[in-house]
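Everything below concerns the one structure shown next.
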Amino acid sequence: MNLSNKKLLEMYETMQKIRQFEFQTAKSFAEGDVLGFVHLYIGEEAIATGTCANLVDGDYITSTHRGHGHIIAKGADMKKMMAELWGKETGYCKGKGGSMHIADTELGILGANGIVGGGFTLAAGAAFSSMMLKNNKVCICFHGDGSTAEGSYHEAMNIASLWNLPIVFVNENNLYAISCRITNGMKTENTADRAAAYSMPSEIVDGNDILAVHQAMKNAIDRARNGYGPSYVECKTYRWRGHFEGEPENYRNPEEIKLWKQPDHDPIPRFEEYLKENRVASQEELTAIQEKVRGMIKEAVKFAAESPFPTKEKALTDVYTDIVEEAR
Ligand SMILES: Cc1ncc(C[n+]2csc(CCOP(=O)(O)OP(=O)(O)O)c2C)c(N)n1
Ligand SMILES: [Mg+2]
């Protein structure tokens, strides 16, 4: 693994940012400050982090309803994210979109998406533009196991393969689509099997092992960037929280949840072990990074808390009709 210590510690910091942002969001949701639905990414941090660590400025990602991790890993401003969750005017969508509409096109973040399967065709379109413009940009299409049942998944996989588009389909197989266990929703337990139907190279990785994710993504992203077309990487993982915050969860075995929270399953302690064993960082240095991130999260909350709500006069600005007007 040819990663500098600096890069490894940046990846650790990103995982910390995601986890702490998500735990803070859970707390703020419970206290009534976060408005609307939130689906948390806790437990899956290695996938977004290990993937985005291979990207360069200008590359694209498409995201899902469980998008905070992807968006943070691609470099979004956590203050603007937090403000958006709190419904404040300083948020990414001026407080009117919430968790599932956060986007930052300047950073190549083509949007979280409340529509399951909504990201596939956007990703294919972005990758197609990259191919036509010959600008070497790659698009990552994050998606859940459940979304592989959508028609848009198969349409995008087919066209990406047929046209050799520079795209990597990153499947986050956390075993559930809401309450539907994967074995009740499809005949195979590996979504990667579906890539074979589109003659797409695929790989299955332990999605809680950040270095395995990073290596698989590096191969797939290099392939896309060098004109060898799309790939598919299935990352096996697990979500710690309910499908959404506040869900009266009663469909998963508590023992199963407990198992995935153990340090030998949890992607963060697993990476910490590697960093310490290989003398990349001491426990003190890792603790200092955690503290630094705690400060960032505090700042994000302060920013959200002190920001104003949009006024009622602005309730209808920046929505669909404005965009149509601007396009004219
Ligand atoms: C088109 C559409 N159908 C159904 C839903 C309701 N819904 C929201 S999330 C979800 C399950 C998604 O499961 P998966 O793709 O595995 O993602 P995960 O939540 O596990 O990350 C469903 C059915 C939706 N938002 N959009
Ligand atoms: Mg799922």
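The values are calculated or read from the model by the stated rules, or taken from the named source; none is laboratory data. Predicted model, so just to flag it, every value in this text is computed and none were measured. Keep in mind that these areas ignore ligands, DNA and RNA; they rest on the heavy atoms of the full protein, side chains included. Shrake-Rupley method; radii C 1.70, N 1.55, O 1.52, S 1.80 Å.
Using the heavy atoms of the protein chains and a 1.4 angstrom probe, tell me the accessible area per residue for the stretch 213-271 in square angstrom.
Values: 2650 Å² over 59 residues.
In whole numbers, the stretch 213-271 has 45 Å² accessible per residue.
Gain in length, residue 314 to residue 273, computed as 0.36 nm per residue apart minus the alpha-carbon separation, to one decimal in nm?
This chain segment gains 9.8 nm when fully extended.
Quick one: how many lysine pairs does the stretch 219-328 have with C-alpha atoms less than 20 Å apart and a gap of 8 or more or different chains? Give me the count, please.
Details: 236/258; 236/261; 276/292; 292/302.
Eligible lysine pairs with Cα atoms under 20 Å apart amount to 4.
Report the Cα centroid-to-centroid distance between the stretch 66-116 and the stretch 171-192 in angstrom, as an integer.
That distance is 26 Å.
Quick check: at a probe of 1.4 Å, how many percent of the accessible area of the chain sits on carbon and sulfur atoms?
On the chain, the fraction of accessible area on carbon and sulfur atoms equals 53 percent.
Using a 1.4 angstrom probe with every protein chain in place, what is the largest-first accessible-area order of 312, 292?
Descending accessible area places them as 312, 292.
In terms of Cα to Cα distance under 18 Å, which lysines are near enough to residue 74, apart from those fewer than 8 places away along the same chain?
6, 7, 17, 137, 218
Which whole-Hz couplings ³J(HN,Hα) result when phi for each residue of the stretch 128-142 is put into the Karplus expression 6.51 cos²θ - 1.76 cosθ + 1.60, θ = phi - 60°, listed in order with x for Gly and Pro?
Couplings: 5, 5, 4, 5, 5, 7, 6, 9, 6, 7, 10, 10, 9, 10, 6 Hz.
What are the ³J(HN,Hα) values, in whole Hz, obtained from phi via the Karplus relation 6.51 cos²θ - 1.76 cosθ + 1.60 with θ = phi - 60°, for each residue of the stretch 258-267 in sequence order, with x given for Gly and Pro?
4, 4, 6, 8, 5, x, 7, 10, 4, x
Enter the per residue convex hull volume of the stretch 117-179, computed from alpha-carbon coordinates, in Å³ rounded to the nearest integer.
On the way: hull volume 4.0 nm³, N = 63.
Looking at the stretch 117-179, the number lands at 64 Å³ per residue.
Helix-only mean residue ellipticity at 222 nm, the chain, DSSP H runs n ≥ 4 weighted -39,500 (n - 2.57), per residue, nearest 500. What is it?
The per-residue figure over the chain is -14000 deg cm²/dmol.
Counting DSSP beta bridges in the chain, what percent are antiparallel, to the nearest 5? Don't skip to the answer; put the middle values down first.
Values: 3 of 24 bridges.
Of all bridge pairs located within the chain, approximately 10 percent are antiparallel.
Starting at the first residue of the stretch 33-47, write each ³J(HN,Hα) from the Karplus equation 6.51 cos²θ - 1.76 cosθ + 1.60 with θ = phi - 60°, in whole Hz, x for Gly and Pro.
8, 8, 9, x, 6, 9, 10, 8, 9, 4, x, 10, 4, 5, 6
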